[in-house]
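In what follows, a single structure is set out as structure tokens and then discussed.
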Amino acid sequence: MLHAFAVMVAAVMLSLGLVWVGYLVHVWRVASRSPVALGRPMTVLVFGRRLVRDEPEKDYQQRLLRALALMRARETEHVLLLGGRSGGAVSEAAAGRDWLAQHELPPGVVMQLEQASVDSLENLRHARSLLQEDGPIMRALPPVALVTSRYHLARCQLLARRLGFDSVPVAAEPSLVLNRRYVIRMLAESGYLMWIDIGMRWAKLIGHRRIAARLS
């Protein structure tokens, strides 16, 4: 991944920063245009976030509330909470389950936990394995809704497509509200997205199997 990072830095320098601006615009577009509801029932993947004293912080709570709204609207019967331990005593997924248990959950919803990951790529990779498990036969992946904060949606969507998901981004927040904190997060996300996307394109161009395998 250091190889991919070096290529990304070179692209930014040679373009005088315009490449980064392009990715920032894409992150903003996905963040501003993503829906908060589904047109059809789907499996919902809820991305976790680092806990505060083993409890979901504000961004994570918004993601959980969006998942709860989808459950209550009967737009999903299967929710997969993603996130391993991020320094606390419990996993992000387990903390999310416990937080949801404090609210009135509709009956009939299957809730699974993915607790082995440490980042968004591993979230989706492990989620793919869980959704395909069906004894000795690997079943087809169902269409999924990616529920996360608006600033995080573009990266999750890119990774999901890379891993073979038929996915729809669903925003945790009702609308995009730009403030200093959110602009900083979008700048960081555009950097992550640029690193991943340019790395994938470079690996394909030069036939670098290690980079391609890391992102698949």
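The values are calculated or read from the model by the stated rules, or taken from the named source; none is laboratory data. As the structure is a prediction and not an experimental result, all values here were calculated from the model. Positions of Cβ are backbone-derived with ideal geometry, glycine not excepted, and every protein chain shown enters the neighbour counts. All accessible areas refer to the heavy atoms of the entire protein, side chains included, with ligands and DNA or RNA removed. Shrake-Rupley method; radii C 1.70, N 1.55, O 1.52, S 1.80 Å.
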Assigned charges on the beta-carbon of Lys, Arg, Asp, Glu; the stretch 1-84 dipole about Cα centre (debye): 220 debye
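Nothing charged except the Cβ atoms of Lys and Arg (+1) and of Asp and Glu (-1): what's the magnitude of the dipole of the chain about its Cα centre? Round to the nearest 20 debye.
On the way: 28 positive and 18 negative charges, 139 e Å.
Here the size comes out at about 660 debye.
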Residue with peak Gaussian network fluctuation, the chain [Cα springs, cutoff 10 Å], from ARG53, ARG66, ARG125: ARG53
Alpha-carbon centroid distance for the pair the stretch 154-215 / the stretch 93-107, whole angstrom: 28 Å
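Defining a contact as two alpha carbons under 8 Å apart and six or more residues distant in sequence, what relative contact order in percent does the stretch 1-110 show? The partial results should precede the final answer.
Values: 114 pairs, mean separation 27.7, N = 110.
Relative contact order, the stretch 1-110: 25 percent.
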Extreme residue, positive dipole direction of the chain, given options PRO106, LEU64, ALA37 (C-beta unit charges): ALA37
log10 of Debye I(q)/I(0), alpha-carbon scatterers only, for the stretch 1-69 at 0.25, 0.26, 0.28 Å⁻¹: -1.05, -1.09, -1.18
Given charges at Cβ of Lys, Arg, Asp, Glu: the chain dipole, positive-most of TRP20, LEU80, TRP195: TRP20
Dipole-positive endmost among VAL144, MET186, ALA154 within the stretch 68-186 (Cβ charges, Cα centre): MET186
Residue of SER32, SER117, SER167 that the Gaussian network model of the chain assigns the largest fluctuation, springs spanning Cα pairs under 10 Å: SER32
Interchain or long-range residues, amide H under 5 Å from ARG85's placed H: GLU92
Of the DSSP H helices in the chain, those whose Cα atoms cover at least 30 Å axially and whose Kyte score averages 0.0 or more: 180-206
Highest-fluctuation residue, ALA93, ALA188, ALA67 considered, GNM on the chain with Cα pairs under 10 Å: ALA188
Gyration tensor (alpha-carbon) shape descriptor, the stretch 36-85, a/c threshold 1.5: prolate
Cα-based Rg and Dmax for the stretch 148-204, where Dmax is the largest Cα-Cα distance (Å): 12.6, 38
log₁₀ of I(q)/I(0) at q = 0.14, 0.15, 0.28 Å⁻¹ - the stretch 54-116, Debye sum with one point per alpha carbon: -0.36, -0.42, -1.30
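What ranking of HIS26, HIS103, HIS78 comes out by heavy-atom accessible area, probe 1.4 Å, highest first?
Working: HIS26 85, HIS103 60, HIS78 40 Å².
Order by accessible area, largest first: HIS26, HIS103, HIS78.
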